[in-house]
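The values are calculated or read from the model by the stated rules, or taken from the named source; none is laboratory data. Here the structure is a predicted model, which means the values were calculated and not measured. Every residue, glycine as well, gets a Cβ built from its backbone with ideal geometry; the counts of neighbours run over all protein chains shown. When the accessible area is computed, the model is the full protein with side chains, heavy atoms only, and any ligands, DNA or RNA have been set aside. Shrake-Rupley method; radii C 1.70, N 1.55, O 1.52, S 1.80 Å.
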Amino acid sequence: CEGDTQTEDIMMPANVAPRGSGHVMVVDDEDFIIQMLARVLESLGYTVSAFKDPTRALDSFVKNPETFDLILTDLTMPQMSGEELSLRIRQKDPNIPIIIQTGFSERLSEEQIGFIGVNKLLKKPVLKVELATCIKKILDEKDS
């Protein structure tokens with residue numbers, strides 16, 4: 001989520017994570033990552049629904065798509081990849097912002113994420129400031 005305006009850079013020190021609001025769905029097959037992301041996002045003002053199983057995450061989204069403002073998913077998961085989850089969520093709501101995180105950046109490029117309707121690809125490990133800035137920017141663009 002590069003490209004922040006100079007005004008934002010001047011007003012916010014680089015080490016301060018921007019706060020926001022909204023309901024973020026976090027999907028990752030690792031408990032530690034889910035817990036860490038939930039803690040970080042909640043500390044920034046977001047409501048978080050966390051899922052270890054992407055199938056359950058998809059079911060929850062399909063039942064109540066209006067509940068969520070943004071999806072943050074891992075790319076590589078055993079039951080369903082982040083790519084497939086994103087495509088299936090897009091079938092239900094083509095406008096929901098989706099961020100994919102991955103430690104395996106060679107598998108998916110910035111160009112490929114556009115084809116599956118993903119807003120941003122973040123490479124793990126993601127710094128709190130980077131994640132917060134990215135989510136805030138995407139949600140602000142969605143609301144404008």
Checklist entry - When the range 30-63 is examined, which residues are found to be outside any helix (DSSP H, G or I) and open to solvent by 20 Å² or more (accessible area, probe 1.4 Å)? => result Glu30, Gly45, Thr47, Val48, Ser49, Ala50, Phe51, Lys52, Asp53
Next on the checklist: Report every pair of residues separated by at least 6 positions or lying on different chains whose Cβ atoms are under 9 Å apart, first residue within the range 50-72 and within 15 Å of Glu84 (Cα to Cα), second open to solvent by less than 50 Å² (accessible area, probe 1.4 Å) and among the polar types (S, T, N, Q).
Outcome noted: Pro54/Thr73; Pro54/Ser81; Ala57/Ser49; Ala57/Thr73; Ile71/Ser86; Leu72/Gln101
Item to check | Which listed residue is in contact with a Gly (Cβ under 7 Å, 6 or more places away or on another chain) and at pLDDT 95 or above, from Leu58, Leu70, Leu75, Leu85 | outcome: Leu70
Next on the checklist: So, Ile71, is that one under 15 Å from the mean Cα position of the chain (by Cα) and within 15 Å of Val48 (Cβ to Cβ) or not?
Outcome noted: yes
Item to check | Given (1) modelled with pLDDT of 95 or more; (2) surrounded by 14 or more Cβ atoms within 10 Å (Cβ to Cβ), number of the condition Met12 does not satisfy | outcome: (1)
Checklist entry - Is there any pair linking a residue in the range 85-99 that is more than 18 Å from Arg56 (Cα to Cα) and open to solvent by 80 Å² or more (accessible area, probe 1.4 Å) to one that is in a helix (DSSP H, G or I) and among the charged types (D, E, K, R), with Cβ under 8 Å and at least six apart or on different chains, and which? => result Asn95/Lys142
Checklist entry - Do we have any residue at all in the range 98-117 that's in a loop (DSSP other than H, G, I, E, B), closer than 17 Å to Cys1 by Cα and modelled with pLDDT of 95 or more? => result no
Next on the checklist: Anything in the range 66-83 that is surrounded by 13 or more Cβ atoms within 10 Å (Cβ to Cβ) and part of a helix (DSSP H, G or I)? List them, or say none.
Outcome noted: Gly82, Glu83
Checklist entry - Any idea which of (1) of a type outside the set (Asp, Glu); (2) under 19 Å from Ile100 (Cα atoms); (3) at pLDDT below 95; (4) buried (at least 17 other Cβ atoms within 10 Å of the Cβ) is the one Ala17 doesn't satisfy? => result (2)
Next on the checklist: Being surrounded by 14 or more Cβ atoms within 10 Å (Cβ to Cβ), at pLDDT below 95 and under 15 Å from Ile96 (Cβ atoms) is the requirement here; does Gly22 meet it?
Outcome noted: no
